[in-house]
Amino acid sequence: MKRKAGTFGRDDSRGTGRNAPASIASATARRAERARVHLAERRRRERKKMKTDRLRRTGPGTPGLPESILKLALWVPAALALAIGIHFTSPIQHWMFGAEQHIARISVSGARNLTPDAIAAATGIVPGAAILAIDVAEVAARLEDEPLIRSARALLLPEGTLIIAVEERVPVAIWLGSEDDHETVDNQLVDRDGHIFASACGFEDAGLLRLVGGGRATAESEADRVQAVALGRRIDAFGHPSTGAYLLHLPSGATGEGFVLEFSSPKRRVILGREHLSERLDRLERLLRSREPSVTAATVIDLRFADRAVLRAASAG
C-alpha cells in the first residue's frame, strides 16, 4: 500500500506524538472534577441522613431541641433532689438528735490521776440532759479549764452517749515558791510545759524534782522550768551518790548565778549559769567521778568559766 509523501513515521492526532502531554493533562483534570463532585454528593447524603436520624429520635413532626435545653433538662432532676435534701435536713437531724432524746451515759477515757466520775462531773452534763442542748465544743473547753486537764475532746453519739477523751497534765516537778518563802508557801505541781497547775498535796513523796525561785506564770519563768526539768533528768542519769537529793534553783536577776544546784549530802552548791549547760553538766560529772580531795572537800563548784571549775571549800572557822 502506498503512503502519502511526508507522512511516514509521524503520529496521528489521537494522543501520540507532540499532542500527548496535553491529552494526559486533560484526562487528569476530568478525573479530579469527577472526584470533587462525588465527594460533595457523599457529604450531602450524610447530612441528610443525620437530619433524618435526629428527627426520628425526637419524634415525628417535632423539631430537634437545642443542646443547651437538653443539658438543662438533665440538671433539673439533680437540682430537685438537692432541694428536697435541704428541705428534709432539719427533720432528719431532729430524728437523730431529737428533743425527746436525752444523755443516757458519759464515757471517759484518758483518766490517770483524776477519776472518770470526776471528769464526767466537770463536763457539767448529767444523764437525762437533752441532746440538742449540748455543744460538744463548749464541753471540751469547759474541761480544759480544769487545772489537771491539758486537753479534751467531746463526741456525741445518736443513741445518747457522750464520749469524753482527755489528756491530763502529768507532774514532772514540784515548785517550792520563791527563794525567800519556799518553806511556807503551798507547793505546786509543774508539768512538762513548765506550767504550774495544781497543789502538790499528796505528791511530796513521789520523787519529783524540786524547783525553787523564778516567777509563777510568766513565759520566761515557764521556759526556765522546762529547762530545769531537762537538767534534772541529766543529773539523775549520773547515778552518783552525791546527786541523790537536791534542789534546783531557777535563775534570779538578783544573783546572776543562773541555774544553781543545792545538794544536801554532802552539802554543796553547784553554779551552772545560763549558757552551755550541757557542757557544764558533763564537766560536773567528770569532777564528781574523779574523787579528787579538792572536789570532795568543795562546798561550792562554780562552772561558769570556760573549760575550768572554781572550787571553794568551807573555811576552817
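The values are calculated or read from the model by the stated rules, or taken from the named source; none is laboratory data. Note that the structure is a prediction, hence the values are computed from the model and not measured. So basically every Cβ, Gly included, is an ideal-geometry build from the backbone, and we count neighbours across all protein chains shown.
Some notes on this structure:
- Residues in the range 155-166 that are in a loop (DSSP other than H, G, I, E, B) and buried (at least 16 other Cβ atoms within 10 Å of the Cβ): 1 in all.
- Enumeration of residues in the range 269-301 that are farther than 20 Å from ARG233 by Cβ, assigned to a strand (DSSP E or B) and not β-branched (Val, Ile, Thr): ARG269, ALA298
- For the range 137-154, the set of residues classified as out of contact with any Lys or Arg (no Cβ under 8 Å at 6 or more places or on another chain), closer than 16 Å to SER107 by Cβ and assigned to a helix (DSSP H, G or I) consists of VAL139, LEU143, listed by residue number.
- Residue, farthest from LEU261 (Cα to Cα), within the range 200-228, restricted to residues that are at pLDDT 90 or above and of a type in the set (Gly, Ala, Ser): ALA200
- Just one residue in the set ALA206, ALA228 is in a helix (DSSP H, G or I) and either within 40 Å of the chain's Cα centre (by Cα) or not assigned by TED's automatic domain parsing to the domain that holds ASP191 (or both); that residue is ALA228.
- Every condition in (1) in the same structural domain as TYR246 (by TED's automatic domain parsing); (2) without any contact (Cβ under 8 Å) to a residue 12 or more places away in the chain; (3) among the charged types (D, E, K, R) holds for ASP135 except the one numbered (1).
- Residues in the range 301-315 that are small (Gly, Ala, Ser) and either surrounded by 12 or more Cβ atoms within 10 Å (Cβ to Cβ) or in contact with a strand residue (DSSP E or B) (Cβ under 9 Å, 6 or more places away or on another chain) (or both) were compared, and the one that is modelled with the lowest pLDDT is ALA314.
- Filter pass, GLY256 being modelled with pLDDT under 90, in a loop (DSSP other than H, G, I, E, B) and closer than 24 Å to GLU279 by Cβ: yes
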